[in-house]
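Just below is one structure, and these are the notes that go with it.
The values are calculated or read from the model by the stated rules, or taken from the named source; none is laboratory data. In this text the structure is predicted, and so the values were computed from the model without any measurement. FYI the Cβ positions are ideal-geometry reconstructions off the backbone, even for glycines, and counts take in every protein chain you see. Side chains are part of the model used for accessible areas, which takes the heavy atoms of the whole protein and leaves out ligands, DNA and RNA. Shrake-Rupley method; radii C 1.70, N 1.55, O 1.52, S 1.80 Å.
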Amino acid sequence: MAIEQRNTDNFPLTNDSHGMRELPVLPVRDTVLFPHAVLPLTVGRESSVQLINSLGEDKTIVVVAQREARIDSPQPVDLYPIGTLATVHKVVRMPNQSLFVFAEGLERVNVVEYTQLAPFMRAKVATVAEVLAEPNSEIEALQRNILNLFQQIVAGSPTLSDELSTVAMNIEEPGRLVDFVASSLPSLSTRDKQDVLETYDVRSRLEKINQHLAKELEVQQLRNKIQSEVQDRVQQTQREYYLREQMKAIQKELGEQDDTARDVEEFKEKIEQSGMPEEVKKEAMKELNRLSRMSPMAADYSVTRNYLEWLVVLPWTKSSGVEVDISKAKEVLDEDHYDLQKVKDRILDYLSVRRLNPKMKGPILCFFGPPGVGKTSLGKSIARALGRKFVRMSLGGIHDEAEIRGHRRTYIGAMPGQIIQGIRRAEANDPVYMLDEIDKVGRDYRGDPTAALLEALDPEQNSSFRDNYLDVTFDLSKVLFITTANQLDTIPDPLRDRMEIIELHGYTEEDKRHITYQYLIKRQTEENGLKPEQIEFTDDAVSFLIRHYTREAGVRSLERQIGTICRKQARRIVEGKTEKLVVTREVIQEMLGGIKVRVDTEIANRTKHPGVVVGLAWTPTGGDILFIEAMKMKGKGEFRITGQIQEVMRESMQAAYSWVRAHAEQLNIDSDFFSKYDLHIHVPAGAIPKDGPSAGVTIVTALVSLLTDKLARPRLAMTGEITLSGNVLPIGGVKEKFLAAKRAGVTDVIFPAENQQNVEEDVLPEQMEGVNVHYVSSIEDVLALALPQSQAEVRADAEAREQVLADVPK
Ligand SMILES: Nc1ncnc2c1ncn2[C@@H]1O[C@H](COP(=O)(O)OP(=O)(O)O)[C@@H](O)[C@H]1O
Ligand SMILES: [Mg+2]
């Protein structure tokens with residue numbers, strides 16, 4: 001819409017009574033004054049102020065809009081040619097010299113000619129006649145539509161007063177309505193308003209404004225829609241906020257409110273203090289954030305809380321250990337344990353290497369030996385020697401990987417695995433961690449715990465051990481893992497490969513006596529609140545206790561029996577009998593009841609029959625004696641084996657049987673015998689599966705004893721594997737077997753010749769005291785030793801047997 005400075009001829013002029021008038025012209029920016037409208041105008045320009053000031057009685061002026069609002073001193077060319085005749089109603093003088101003027105529009109005028117430019121403009125103007133259409137239905141429809149649109153816009157606008165609707169409704173004349181609407185619509189630009197002003201044809205003016213209104217309404221509706229969407233979102237968050245606030249209020253009433261807040265605060269502090277690595281901290285803060293948004297009543301609350309509890313309580317950086325002082329460590333080990341010199345040396349070597357190279361990725365120590373020989377308590381001593389915490393976890397019967405490594409948190413009642421639980425108990429990240437009974441780890445459908453154990457034990461991996469529950473890594477590399485086992489062949493190979501096996505043997509009676517005096521009595525007296533002068537054990541009583549109340553490689557039940565006696569004395573003291581208790585064998589019998597174990601008489605008794613021979617066996621609980629019993633019955637030459645045996649043992653029995661049959665003549669056995677009789681070998685329960693073959697010599701001896709009707713010598717035991725040709729092969733578990741024989745009161749032991757070196761290395765000379773060891777390389781040697789060779793020997797054996805049985809226990 002370009003409006004040029006037009007030739008006045010283009011505009012219809014009125015020739016009414018007013019004619020042309022010469023009037024002051026007030027240029028205005030950014031607004032258009034319409035006829036019938038009242039407009040407040042701020043007048044600041046010097047020229048305009050003078051104009052207003054010059055007005056006398058006649059307050060009529062012409063208001064004309066500037067084409068460009070930014071022009072400060074507009075010239076005629078800068079003004080639109082059409083303006084509005086106006087009456088100035090009120091002039092308010094502002095403090096800054098400007099004026100505030102209310103002007104009421106009267107009618108459209110055409111500025112025909114400027115007659116003065118300074119100090120303000122004056123011009124000749126002529127009234128513009130409006131082109132009034134015939135009032136027809138189309139005009140009326142347009143008019144109504146405009147009114148309708150306008151009312152909608154006013155209703156939907158937050159800034160337009162509702163009065164505008166009422167006013168508009170009361171305007172009947174269409175041209176005036178348009179002027180009013182155009183004047184009231186703030187969204188209409190000055191140009192558009194001017195365009196409306198310059199449109200004399202009422203009908204086209206109606207159309208123009210109708211279009212504007214339609215567009216305006218659309219824009220407004222769109223804006224409202226956006227607005228309400230934003231509002232919806234705002235309201236939703238507000239709603240949640242209010243609900244939460246209400247919940248807090250309710251919880252406060254119930255005395256719960258501050259729980260969450262306090263929890264969260266406390267956790268925040270604990271997280272800071274826990275020293276957890278960044279990665280873990282991030283996870284912890286994430287969970288804490290979750291917690292802060294939960295109700296303590298929510299099911300998840302305690303789950304999340306538990307988890308956080310675990311995270312903050314773990315000793316991420318807390319260590320207990322100081323530098324290893326080898327001489328102090330030696331002192332501590334000696335303080336706690338009798339002898340075990342070899343074992344202690346190896347432990348000290350191990351610790352020395354660790355001291356020189358703390359990052360050593362060395363093997364895991366494994367204490368291997370029968371129960372009660374001090375494996376666990378050595379672990380405790382090592383911890384004490386290193387100034388570290390000690391934790392112990394028994395792997396016996398653990399089948400499930402999750403027990404080691406935990407369940408995922410999504411499980412109900414999930415917990416970290418045993419490894420992490422142990423670390424928590426230790427309250428330090430460098431404890432001595434004993435994995436007891438690693439040989440008893442199970443493996444089944446619930447998963448293989450070995451993999452998890454490997455991960456924990458392997459120095460290559462354990463700096464980032466991941467527990468399923470924690471789901472963050474924990475550094476186990478400072479932990480000193482020690483394992484124990486009664487048996488090596490059940491330890492899964494990958495685990496065993498990483499271990500340095502340190503073997504602990506069973507004790508002799510002599511060892512046990514020393515341990516009793518130096519450790520067990522002291523410990524039990526103290527533990528039961530006795531003073532050393534309130535109880536005394538005689539030498540005889542201790543031997544009696546060892547021999548007849550315990551039957552073990554270690555000293556566990558010995559210690560228990562001593563404990564029982566101490567407790568009884570404690571009770572007597574409390575009951576007022578304060579005199580010192582001297583423990584004799586009578587006291588023992590009175591307090592512990594009659595003799596529990598008599599291996600010597602058992603041997604004497606059972607070997608009273610031909611066909612019974614004492615073997616020696618290795619078991620996970622140490623060595624033991626074993627009675628092999630051969631029986632004959634009428635039959636057709638069958639050979640049967642019963643009892644606790646395995647395939648390997650069956651084989652060695654078969655070999656034994658074949659050898660005896662092959663040598664029947666030499667042995668003076670009736671050659672018909674094998675076709676008229678059945679033979680039956682029985683191995684009693686408790687005999688060990690794996691160690692079967694080492695009973696070979698015993699089986700042959702039992703068969704020969706039976707078939708030649710000779711009794712085996714009464715205080716003899718034997719072990720050795722045989723070949724079909726009658727050679728004796730070496731066996732394992734020498735020391736345990738030797739000690740078992742000695743415990744049983746055996747005076748003569750037969751070992752394979754090839755085991756001589758083992759015996760001499762493992763058994764100390766003082767332990768050999770009272771026992772003759774015979775080394776054999778063939779079964780003939782065995783038989784010569786085991787069965788009496790003359791009537792004199794038979795008589796001597798019978799006497800010896802009677803003596804054992806008649807003997808009061810020593
Ligand atoms: N050589 C020893 N010197 C002192 N006490 C010992 C010795 N060997 C074992 N003990 C004690 O015997 C008890 C049982 O030992 P423990 O460590 O439980 O055996 P293990 O773990 O080998 O089955 C403990 O009280 C232990 O101190
Ligand atoms: Mg133990």
So, in segment 335-349, exactly how many residues are within 16 Å of ligand 2 (Cβ to nearest atom) and in a loop (DSSP other than H, G, I, E, B)? 2
Candidate set from segment 361-372 (those that are within 14 Å of ligand 2 (Cβ to nearest atom) and part of a loop (DSSP other than H, G, I, E, B)); member that is nearest to Thr516 (Cα to Cα): Gly372
Could you tell me whether segment 350-360 includes any residue that is assigned to a loop (DSSP other than H, G, I, E, B), more than 12 Å from ligand 2 (Cβ to nearest atom) and surrounded by 20 or more Cβ atoms within 10 Å (Cβ to Cβ)? no
Residue that is farthest from ligand 1 (Cβ to nearest atom), among those in segment 357-403 that are of a type in the set (D, E, K, R) and within 27 Å of the chain's Cα centre (by Cα): Lys359
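Condition first: away from ligand 1 (no atom under 16 Å from the Cβ), among the aliphatic types (A, V, I, L, M) and at pLDDT 85 or above. Now tell me which residues in segment 345-356 satisfy that.
Within segment 345-356, Leu351, Val353 meet the criteria.
Might you let me know whether segment 416-425 holds any residue that is away from ligand 1 (no atom under 16 Å from the Cβ), open to solvent by 40 Å² or more (accessible area, probe 1.4 Å), closer than 23 Å to Ser302 by Cα and at pLDDT below 90?
Looking through segment 416-425, none of the residues is away from ligand 1 (no atom under 16 Å from the Cβ), open to solvent by 40 Å² or more (accessible area, probe 1.4 Å), closer than 23 Å to Ser302 by Cα and at pLDDT below 90.
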Search segment 115-157 for residues being under 15 Å from Leu185 (Cβ atoms), small (Gly, Ala, Ser) and outside any loop (DSSP other than H, G, I, E, B), and hand back the single one that is modelled with the lowest pLDDT. Gly156
When both residues are 6+ apart or on different chains and their Cβ atoms are under 6 Å apart, which pairs have a first residue that lies in segment 270-289 and is in contact (Cβ under 8 Å) with a residue 40 or more places away in the chain, and a second that is open to solvent by less than 10 Å² (accessible area, probe 1.4 Å)? Ile271/Ala284; Val280/Val472; Glu283/Val472
Verdict on Ala383 being open to solvent by less than 50 Å² (accessible area, probe 1.4 Å), closer than 30 Å to Gly622 by Cβ and away from ligand 2 (no atom under 16 Å from the Cβ): no
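Report whether or not Ile562 is more than 10 Å from ligand 1 (Cβ to nearest atom) and at pLDDT 95 or above.
yes
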Could you say whether any residue in segment 253-267 is modelled with pLDDT of 90 or more and open to solvent by 70 Å² or more (accessible area, probe 1.4 Å)? no
Tell me, which helices (runs of 4 or more DSSP H) wholly within segment 436-528 include 2 or more residues that are more than 12 Å from ligand 1 (Cβ to nearest atom) and among the acidic types (Asp, Glu)? 493-497, 509-515
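This table checks each residue for (1) hydrophobic (A, V, I, L, M, F, W, C); (2) closer than 29 Å to Thr708 by Cβ; (3) without any contact (Cβ under 8 Å) to a residue 12 or more places away in the chain; (4) open to solvent by 30 Å² or more (accessible area, probe 1.4 Å).
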position: Lys737; (1), (2), (3), (4): no, yes, no, no
position: Ala741; (1), (2), (3), (4): yes, yes, no, no
position: Val746; (1), (2), (3), (4): yes, yes, no, no
position: Ala753; (1), (2), (3), (4): yes, yes, no, yes
position: His774; (1), (2), (3), (4): no, yes, no, yes
position: Leu783; (1), (2), (3), (4): yes, yes, no, no
position: Ala786; (1), (2), (3), (4): yes, yes, no, no
position: Ala792; (1), (2), (3), (4): yes, yes, yes, yes
position: Glu799; (1), (2), (3), (4): no, yes, yes, yes
